[in-house]
Amino acid sequence: MSSSRATPYQSDLDRVDKPFLGSSSTSLRSESIMGLDTSTRNRNQNDDGVEERTDLIDEEAEGTPADYGSIASSVPGGRKRRRRNSVLKRRARYYIPGLAWIPQYSWSLLGGDFLAGLTVGCILIPQSISYASSLAKLSPVTGLFSAAIPGIVYAMLGTSRQLNVAPEAALSLLLGQAIQEARSHYGEVPPESGLDYFGLAISSVITLQVGLISFLLGFFRLGFIDVVLSRALLRGFISAVAVVIMIEQLIPMFGLTKLMAANRPHSTIGKISFLLENVWEHSNTLAMFISFSALASLVLFRWFKSQFQKTWWIYRLPEVLIVVVVSTYISGKLRWDQGGVDILGAVSIATGEHFLEFPLANGNFKYLKTTTSTAALISVAGFLDSIVAAKQNGARFGHSISPNRELVALGAANLVGSFIPGTLPAYGSITRSRINGDVGGRTQMASIISSLVILTATFFLLPLLYFLPKCVLASIILLVVYSLIAETPHDVIFYWNMAAWVDLAVMLMTFTLSIVWDLEAGIVISMVVSLLLVVHRSSKTRMTILGRIPGTDRWKPIKENPEAEESVSGVLIIRIRENLDFANTCQLKERLRRLELYGVDKRHPSEDPLRQQASVLMFHMADVDTCDASAAQVLLELMEEYQNRGVQLFMTHVHATLYQTFAKAGIVELIGVDAFRETVADAVTIVERATGL
């Protein structure tokens, strides 16, 4: 097979060989300062997104004078320094967006930003108190600080202009369960009064790890994780979270908090059983009346607002804050606390010995091992929700979003927040961010204003909520459950109509494990299964059999084109439809064998072969741009096996860079230069002449 005679294809390769070997000189490469975003562009590639174009513009401006030949020696040193300073300023504005938008802030946007910040702040005050006290089982003030401090940090670093960063219901629930498990592990008992120093310590350690994990994911450019986990998995997890939250909040709504503390059911199934056993005999009638009246008021208020969407002052009324204020006032007047209703009571603003404390101080380092898994889960779940919200608003208002820089911004926000003892993990919310944009928020100034509103309420208005019934907070959280499960029926119907049984199975598995076992086990096991499915699918090289369109020299996939025919007996033409790497070439030999014996239709390996073994094998490589070393080694071994069988081999439409890879791997030497043809027609002509057809 080997021959030294140059073919027309080889002469073309000779002409392009040097440019490909020296392609680095014709490409533009941008290396970021923080290692977050690296973009490479060859002359044959298009720019991909605003972020990459910005990188390239910055890098071209940064190009050293040596690029311009002898002119370099005439450039004064002062100009060089100014150029470096200019590049550093651009880099700083790129990685710290606050340095760009704050100096250029247009005062014409202040009205909308102020109203949006005030509206979101009024929503977050009761909401964050509810998450901290009812879900995380911590001091209400920890939720307020979590809604204020991380938002300010994100406003400086985030790429989304409308994303609001604060505690989330699902993440607060995961934190609360982690604190409860840590109590059992270390034998700690919740204090009846005063600060819960153990719970505050666990929360700070988890928030620190959450921030560190998110920051490192962004630093190492792993923002693509949002495309790895399927929507079915997330839908199953979110639905399970909604059910768990509902069960958790029904207990205080029925006035069974103290009885549950005595019985201490741990699992969700145990709490469901506890509710069914005690709801009829031991419920507090007054607490039930207050809870469901507050819930009904919230639902009716939202319905009323939906009827006046064009009347801005009605549509923007904060119904949650109104219900909290009204119920607190009535509770104080009627002294509901004397009727057995739990109230918020006096809340200390202090969350530790000092306002700022290092999260791992005071022996907290020992809690790292038992909380890392929860922190990793919160990091991934929080980022997925945040990036969806950021991309939705980016598409809506026309600005680009960088997942890597979002991870860094969210990580930094939680790292800073963790220095305030007890701070909850904070991430973006789809609902709050949508409200932020609807009301008029156009920059992160709205988040800064929202944080200032919350800090003002924390330091000056918190005593006014002394008589706030805790069952009202439970009603507020229960309303969130609806938004969590609103899309579940639609997704289930969609997967059913699409006959997506694997997606339905993943959703059901995630939901069931999260309810029966716990949330952490449910999402972790489902993530492993989801990743295995991704690996399984990516391990199968996409390829098909080509046939000739009668009367032409065109070859098309026979599965997609019924008129295509395999016109030459014993010739099998395979088109590989993706790049080759170590992952998708592991099963290449088996896949080729099945195509050779059974064709493109699915057949069980136990069935008799439907086709004869090929005597000539041609590979159409037009869709293959790259082939890594492992894949080239597998391909070389495969070529050797086919040659030992006496199968004649051809490769067509091979790109110059791919040819160089094959040459280095020894494939060119093995099958010969003549085996590389420009087109399938060339290779088929050679076979037809050799066989006398």
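The values are calculated or read from the model by the stated rules, or taken from the named source; none is laboratory data. Since we're looking at a predicted model, the values are computed, not measured. In this analysis, Cβ positions are derived from the backbone assuming ideal geometry, glycine residues included, and neighbour counts consider all displayed protein chains.
For segment 357-375, the count of residues that are over 30 Å from Ile523 (Cα atoms) and either touching a Phe, Trp or Tyr at 6+ places or on another chain (Cβ under 8 Å) or of a type in the set (Ser, Thr, Tyr) (or both) is nonzero.
Looking across segment 156-175, just one residue is of a type in the set (S, T, N, Q), farther than 15 Å from Leu144 by Cα and either over 16 Å from the mean Cα position of the chain (by Cα) or not assigned by TED's automatic domain parsing to the domain that holds Ala116 (or both), and that is Gln162.
Considering the conditions (1) surrounded by 14 or more Cβ atoms within 10 Å (Cβ to Cβ); (2) at pLDDT below 90; (3) closer than 24 Å to Met639 by Cα, Ser538 is excluded by exactly one of them, (1). Counting the residues of segment 134-157 that are in contact with a Lys or Arg (Cβ under 8 Å, 6 or more places away or on another chain) and surrounded by 24 or more Cβ atoms within 10 Å (Cβ to Cβ) gives 1. The condition (being over 19 Å from Asp491 (Cβ atoms) and assigned to a helix (DSSP H, G or I)) is satisfied by just one residue among Leu233, Leu217: Leu217. Only one of the listed residues (Pro421, Pro403) is touching a Gly at 6+ places or on another chain (Cβ under 9 Å) and within 14 Å of Ile206 (Cα to Cα). That residue is Pro421. Annotation: of all residues in segment 203-261 being out of contact with any helix residue (DSSP H, G or I) (no Cβ under 6 Å at 6 or more places or on another chain) and under 13 Å from Ala381 (Cα atoms), the one that is surrounded by the fewest Cβ atoms within 10 Å (Cβ to Cβ) is Val227.
Of the helices (runs of 4 or more DSSP H) lying entirely inside segment 268-360, those containing at least 1 residues that are touching a helix residue (DSSP H, G or I) at 6+ places or on another chain (Cβ under 6 Å), β-branched (Val, Ile, Thr) and in contact (Cβ under 8 Å) with a residue 60 or more places away in the chain span 268-278, 285-306, 319-334. All of (1) within 21 Å of His653 (Cα to Cα); (2) under 39 Å from the mean Cα position of the chain (by Cα); (3) not acidic (Asp, Glu) hold for Gln587 with one exception: (1). Among the conditions (1) out of contact with any Phe, Trp or Tyr (no Cβ under 7 Å at 6 or more places or on another chain); (2) of a type in the set (A, V, I, L, M, F, W, C); (3) more than 17 Å from Cys122 (Cα to Cα); (4) assigned to a helix (DSSP H, G or I), Ala413 misses just one, which is (1).
Each row is one residue, and each column tells you yes or no for (1) assigned to a helix (DSSP H, G or I); (2) crowded, with 16+ Cβ neighbours inside 10 Å.
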| site | (1), (2) |
| --- | --- |
| Ala631 | yes, yes |
| Gly646 | no, no |
| Leu649 | no, yes |
| Val668 | yes, yes |
| Val684 | yes, yes |
| Ala690 | yes, no |
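Return the residues of segment 464-500 that are of a type in the set (Asp, Glu) and outside any helix (DSSP H, G or I); say none if nothing qualifies. Hit for segment 464-500 is Glu487, nothing else. Going through (1) part of a helix (DSSP H, G or I); (2) over 26 Å from Thr626 (Cα atoms) one by one, Leu531 falls short only on (2).
For segment 548-584, taking the residues that are of a type in the set (A, V, I, L, M) and under 35 Å from the mean Cα position of the chain (by Cα), the one that is surrounded by the fewest Cβ atoms within 10 Å (Cβ to Cβ) is identified as Ala583.
Name the residues in segment 640-693 that are touching a residue at least 24 places away in the same chain (Cβ under 8 Å), basic (Lys, Arg) and under 20 Å from Arg548 (Cα atoms), would you? Within segment 640-693, just Arg677 meets the criteria.
Listed here are the residues, each with its yes/no results for (1) assigned by TED's automatic domain parsing to the domain that holds Ile251; (2) modelled with pLDDT under 90; (3) surrounded by 20 or more Cβ atoms within 10 Å (Cβ to Cβ); (4) over 30 Å from Phe254 (Cβ atoms).
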residue	(1), (2), (3), (4)
Phe460	yes, no, no, yes
Leu464	yes, no, no, no
Cys471	yes, no, yes, no
Ser475	yes, no, yes, no
Ser483	yes, yes, no, no
Met509	yes, no, no, yes
Trp517	yes, yes, no, no
Val528	yes, yes, no, yes
